[in-house]
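One structure coming up, written as structure tokens, with questions to follow.
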């Protein structure tokens, strides 16, 4: 496998793990909503809630990051270390307490981060990010 295709492969792996993490957090947000609303939404209602209801708004920055990652992976461009660096920085900003724009995401994440499925899926994407850093960014000046 060439270096460029290896980068794409590794970013695909990250995207997969981020989707599972997002899904685990979405499940918890749905449970919170069900408890508050007293009813379980059907799949169509859930889609509308996720895209427009304030109780799910905190997940949107992660959704956006995942969409951007998918665009990078699907692009015809040759992928290399700068792409990995950009994704790494975007993830770091999402979780950084110094980034006010993502405060709502971090608040929602704080509510669900002790749930075992969230912890399991988080460990996988964080491990993948660590591997990406080691493989593509180690030794670079940030």
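The values are calculated or read from the model by the stated rules, or taken from the named source; none is laboratory data. Bear in mind the structure is a predicted one, so any value in this text is a computation, not a measurement. Cβ: placed from backbone, ideal geometry, glycine included. Neighbour counts: every protein chain shown.
Being farther than 17 Å from residue 7 by Cβ and modelled with pLDDT under 95 is the filter; apply it to region 100-142 and report the residue that is surrounded by the most Cβ atoms within 10 Å (Cβ to Cβ).
Once the filter is applied, the top-ranked residue is 142.
Criterion first (modelled with pLDDT of 95 or more, surrounded by 12 or more Cβ atoms within 10 Å (Cβ to Cβ) and closer than 24 Å to residue 139 by Cβ) does residue 18 satisfy it?
Against the criterion (modelled with pLDDT of 95 or more, surrounded by 12 or more Cβ atoms within 10 Å (Cβ to Cβ) and closer than 24 Å to residue 139 by Cβ), residue 18 does not qualify.
Filter region 110-142 down to residues that are within 16 Å of the chain's Cα centre (by Cα) and not in a helix (DSSP H, G or I), then give me how many there are.
Qualifying residue count for the region: 1.
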